[in-house]
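The values are calculated or read from the model by the stated rules, or taken from the named source; none is laboratory data. Note that this is a predicted model, so its numbers are computed, not measured. A quick note on method: Cβ atoms are made from the backbone with ideal geometry, for glycine too, and the neighbour counts reach across all protein chains shown. The accessibility values were calculated without ligands, DNA or RNA, using every heavy atom of the protein model including side chains. Shrake-Rupley method; radii C 1.70, N 1.55, O 1.52, S 1.80 Å.
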Amino acid sequence: MAKSRILIVDDEHLIRWSLEKDLRQAGYSTRQAASGEEALSTMEQSPPDVVLLDLKMPGIDGFKVMEEARKKGFNPLFIIVTGMGDVRTSVQAVNEGAVDYIFQPFDVELGTASLTEL
């Protein structure tokens, strides 16, 4: 079975780099986007199975990325990965279609559903 294609969307280069390094070592195909606009463009070029998505970014935020992706017919699993979250925001993210909400910092290997098992 082929592993998921993962798009990592975050305006912080080190977060994208770290997630990509760990996921590629686990055998996943990954792409990066530094903004919401770039994420939508990347989805059009190569639709991902999973999107690891920051909510707070300049320009189009993570909520708008989810909305626009669905309008364009893309239906990846959205997992919110953020360091600036609260309970209200996490509930809103799930209500708007995210399948999970992960607070940073985190360890890729920890948790009931490890990111390396996508």
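From the set of residues in region 12-42 that are of a type in the set (Asp, Glu) and open to solvent by 60 Å² or more (accessible area, probe 1.4 Å), which is modelled with the lowest pLDDT? First the steps, then the outcome.
The initial filter retains those residues of region 12-42 that are of a type in the set (Asp, Glu), namely 12, 20, 22, 37-38.
Of the ones still in play, those that are also open to solvent by 60 Å² or more (accessible area, probe 1.4 Å) are 12, 37-38.
Numbers: 12: 92, 37: 97, 38: 97.
Result: 12.
Out of 52, 23, 7, I need the residue that is more than 22 Å from residue 73 (Cα to Cα) and touching a residue at least 60 places away in the same chain (Cβ under 8 Å). Which one? Show your work before the answer.
Values: 52 fails: more than 22 Å from residue 73 (Cα to Cα); 7 fails: more than 22 Å from residue 73 (Cα to Cα).
Going through 52, 23, 7 in turn, the sole match is 23.
Scan region 43-56 and give yes if some residue there is surrounded by fewer than 22 Cβ atoms within 10 Å (Cβ to Cβ), among the hydroxyl-bearing types (Ser, Thr, Tyr) and either within 14 Å of the chain's Cα centre (by Cα) or not in a loop (DSSP other than H, G, I, E, B) (or both), otherwise no.
There is no residue in region 43-56 that is surrounded by fewer than 22 Cβ atoms within 10 Å (Cβ to Cβ), among the hydroxyl-bearing types (Ser, Thr, Tyr) and either within 14 Å of the chain's Cα centre (by Cα) or not in a loop (DSSP other than H, G, I, E, B) (or both).
When region 77-97 is examined, which residues are found to be in contact with a helix residue (DSSP H, G or I) (Cβ under 7 Å, 6 or more places away or on another chain) and either farther than 19 Å from residue 33 by Cα or in contact (Cβ under 8 Å) with a residue 40 or more places away in the chain (or both)? Walk me through it before giving the result.
Let us first name the residues in region 77-97 that are in contact with a helix residue (DSSP H, G or I) (Cβ under 7 Å, 6 or more places away or on another chain), namely 78, 80, 96-97.
Hits for region 77-97 are 96, 97.
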